[in-house]
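In what follows, a single structure is set out as structure tokens and then discussed.
Values in this text are rule-based calculations from the coordinates and carry no lab data. Just so it is clear, the model here is predicted, and its values are computed rather than measured. Methodologically, a virtual Cβ is constructed for each residue, glycine included, from the backbone with ideal geometry; neighbour enumeration extends over all protein chains shown.
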Amino acid sequence: MEIIIATNNQGKVREFKNRLKDYEVFSLKDKNIDIEVEEDGKTFEENAIKKARTISDMTGALVMADDSGLEVFALDNAPGIYSARYGGEGLDDKGRYEKLLKDLEGKTDRDARFVSVIALCFPDGRNVTLRGECYGEITTAPDGDGGFGYDPIFYYPPLKKTFGTLTLEEKNEISHRARALDKMELFFKDEMSCLENEYLRLEIGSKGGEILHLINKSNGENLMNTDLKSWDYVAPVCFPVLGEVPDDTYYYQNKKYLIDLHGFAHLQKFSLVSASENSVTYRLNETEYSYKSWPFRFSLEITYTLTGKKVETLYKVTNNDDKQMFFNIGGHDTYAITTDYENYSLEYEKEEEIPKNCIYTNNRQFFEALPEKAKTFPVMMSKDRAIAFFTKDLKSSWVQLNYKDKPVVRVYFEREKTDSLGFWNEPNSKFYCIEPWAGIHEECQTTNITEEKTNLRYLEPNEEYTYYHSAEYFL
Ligand code: ITT
């Protein structure tokens, strides 16, 4: 496949050519195209599309462009989309990172991320954008002269090195651009898909059939977890168990089985089975791995639908076996938040009783501060302990996350099928989970013998079970 890369940045050209060895890749220079597209978009996505679309319309070819930049949290995400122009036109790469170091002088929060948004613009008019991010910290002094741009001052904790000291190959394994390219390759293999409307862009991957990103198109912000340092998931499905079975062990028909936290589905590769304008479906069937931890032939389909400012998730479980099957299923969606936790509250549709014995922290102490009955109460997120709690016997069909008394997102769930609604955050993280579950947390079971458990779902051969939730964003 022939692709033109619409960039004048030779650092990017080097990285793309090194990574895309299976494609015929041409730079603008290779094609003798001398053009500078004005980047006047409000987001990385808008700018990337503008660059690639201009060249695609000119050449009639498949064109990719990258719009990228560095977001420093203590500087309100500056320089962001202005990374190439930070400090004004007269500066070179070194001048720009020196200015950034100066602007950060005296600041202790040096967390930052690189963002790369790749736009693919097809000759038939289709535009697709794919986002990759890489988290790290800004150093106090430059180190290394590899790469380009801000690489010498971007420290990547997992490798304990700055990007400036990495080889091209090393950077191309883990960088924001490499992650966007990973998605591009998945996209070409039909394993990754995007849904997009006026307000939102939703990217879904084949691993776990899970959402990769949900972007607010008006400002490019992520609406779900991007704090992958704290937790490596965005919206995993929990299937066929919810939570952690004690010692990862359970018994079924007197046989012992080992099963992962929240089951295996979120760890497996799903197949994209259908896609329409506003909806996609991914499917998982039994594998050798799943059969070892849960002895059934099954199909689990996850359908995502984008409607206005709402993302809908439908799980469909089918028993393809010739015996009765048991399971639980639930969502574990994250919602992006800031760390001023005290400004958040949770509001139920109706007053709910909060059972004390289903509330725990990571040292399993009950959380005493909660009222027993409430419609709205402060969200318990924690900077130093993981906190999870569950409401049971729900009267409400939705729960809403508010920030400074303004709604952020409302999560709708099927009340009659929902045995428990879980809430969880990782200490000091920038996301909060709201989890509608058809079933209860394994730690709320009193036994690990399947036949004695409560709140399980059963399907006879060929029967199916659906479970739905959705998230409506107040953008
Ligand atoms: P094109 O628009 O022609 O692609 P550009 O350099 O102007 O080239 P951008 O508008 O996307 O590209 O600006 C990206 C800037 O962000 C880039 O100039 C660097 O300063 C910074 N940047 C992006 N990716 C980087 C990386 O991998 N390492 C270091 N700095 C990077």
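Summary table below
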item: With Cα atoms, 0 to 90° folded angle of helix 44-59 axis to the chain main axis; result: 60 degrees
item: Partner lysines for LYS309 [C-alpha distance under 17 Å; skip if fewer than 8 residues away on the same chain]; result: LYS217, LYS406
item: Cleavage-rule hits (trypsin sites (Lys or Arg not before Pro)) in region 95-142: DSSP loop, at most 10 neighbouring Cβ within 10 angstrom; result: ARG126
item: Entries of LYS269/LYS350; LYS310/LYS430; LYS310/LYS383; LYS310/LYS395; LYS395/LYS430; LYS17/LYS94 with Cα pairs more than 32 Å apart; result: LYS269/LYS350
item: Unit charges on C-beta of K, R, D, E only; dipole of region 190-305, Debye; result: 380 debye
item: Ellipsoid equivalent to region 39-170 - semi-axes via the Cα gyration tensor, in Å; result: 29, 16, 13
item: Acute angle (nearest 10 degrees) that the helix 176-188 long axis makes with the longest principal axis of the chain, alpha-carbon atoms; result: 70 degrees
item: Cα pair distances exceeding 14 angstrom across region 111-150, given as percent; result: 64 percent
item: Convex hull per residue volume in Å³, alpha carbons only, for the chain; result: 156 Å³
item: Neighbour net charge for HIS332 - beta-carbon separation under 11 angstrom, K R +1, D E -1; result: -3
item: Dipole in debye (nearest 20) - the chain, about Cα centre, beta carbon charges: Lys, Arg +1; Asp, Glu -1; result: 160 debye
item: DSSP loop GluC sites (Glu not before Pro) with at most 10 other Cβ within 10 Å excluded, longest remaining stretch of the chain; result: 373-475
item: For region 119-261: rounded, prolate or oblate by the Cα gyration tensor [a/c cutoff 1.5]; result: oblate
item: Globularity index of region 2-93, i.e. its alpha-carbon radius of gyration over 2.2 N^0.38 Å; result: 1.15
item: Eligible lysines near LYS99 by straight Cα distance, threshold 26 Å, same-chain separation 8 or greater; result: LYS12, LYS42, LYS107, LYS160, LYS161, LYS171
item: Partners for LYS453 among aspartates and glutamates (Cα-Cα distance below 15 Å; same-chain residues under 8 apart left out); result: GLU244, ASP419, GLU442, GLU443
item: Per-selection Rg to Rh, region 208-286 - Cα, Kirkwood hydrodynamic radius; result: 1.08
item: Alpha-carbon Rg/Rh ratio, for region 37-89, with Rh computed the Kirkwood way; result: 1.07
item: Spread of Cα-to-Cα distances over 5 Å intervals beginning at zero, given as percent, for region 243-318; result: 3, 14, 20, 20, 16, 11, 8, 5, 2, 0
item: Only Lys, Arg (+1) and Asp, Glu (-1) charged, at Cβ; region 255-303 dipole about Cα centre in debye; result: 300 debye
item: Base-10 log of normalised Debye intensity for region 402-454 (one unit scatterer per alpha-carbon) at q = 0.19 Å⁻¹; result: -0.83
item: Cα→Cβ-extended label distance, 7 Å offset, between ASN278 and MET58, nm; result: 3.7 nm
item: Rg/Rh (Cα only; Kirkwood hydrodynamic radius) as it applies to region 253-295; result: 1.13
item: Degrees separating the helix 10-19 axis from the principal Cα axis of the chain, which is the longest one; result: 50 degrees
